[in-house]
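Here is the structure we will look at, set down as structure tokens.
Derivation of every value follows stated rules applied to the coordinates shown; laboratory data play no part. Given the structure is predicted, the values throughout are model-derived calculations rather than measurements. Using ideal geometry, Cβ is built from the backbone for each residue, glycine included, and neighbour counts are taken over all protein chains shown.
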Amino acid sequence: MVDVVDKVTRSRMMSGISGKDTKPEILIRSLLYRAGFRFRVHAKGLPGKPDIVLKKYRAIVFVHGCFWHRHACPLFKWPSSNANFWKAKISQNKKRDAVVIAALRKLGWRILIIWECALKGAKKIPLEAISQKMSAWLQGDNPFLQIRGSLTL
Ligand SMILES: [Zn+2]
């Protein structure tokens, strides 16, 4: 039993949602690129080293893993082992997200968050729709938008 639980936790970690250049992030980058947008990745000079920075549009795109960023969606579930460790770790992530977003907003950046559940799982939405939403947002002036799986819309 312990082994099974550990395997689940490990595979969640290994799915690499927390690190740089994750699969969902690469997918979003290629959608943006195909739609004609150019950007910088992991800009070091900005709070939180944002994933994708589109200076021309004064816009920042984050691709958030639903587990690491505790999204209220079907992809998030507390691991059953090491409960205290995960609670501390994930609430720290949540706090950091809020601080980073507030700091970037203060600097005049617009923020788009793409949640992992928009890209995978039962409630994912078509890539074409994501691409259209991103393009419309980038060319508009809405300061903040989140794109998530269809169940939680
Ligand atoms: Zn989610």
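General observations
- Using the Cβ of residue 118 as centre and a radius below 14 Å, the other residues enclosed give a net charge of +3, where K and R count +1 and D and E count -1.
- Among 142, 98, 125 - extreme Cα towards positive end, dipole of the stretch 88-144, charges at beta-carbon: 98
- Globularity index of the stretch 65-153, i.e. its alpha-carbon radius of gyration over 2.2 N^0.38 Å: 1.22
- Burial order of peptide ranges 21-32, 133-144 (average beta-carbon count within 10 Å, highest first): 21-32, 133-144
- Zone residues, the stretch 106-132, relative to residue 55, backbone N less than 20 Å from point 7 Å out along Cα-to-Cβ: 106-112
- Under 13 Å, Cβ to Cβ, from residue 105 - net charge with Lys/Arg +1 and Asp/Glu -1: +2
- Pair residue 99, residue 127: separation of 7 Å Cα→Cβ label points (nm): 3.6
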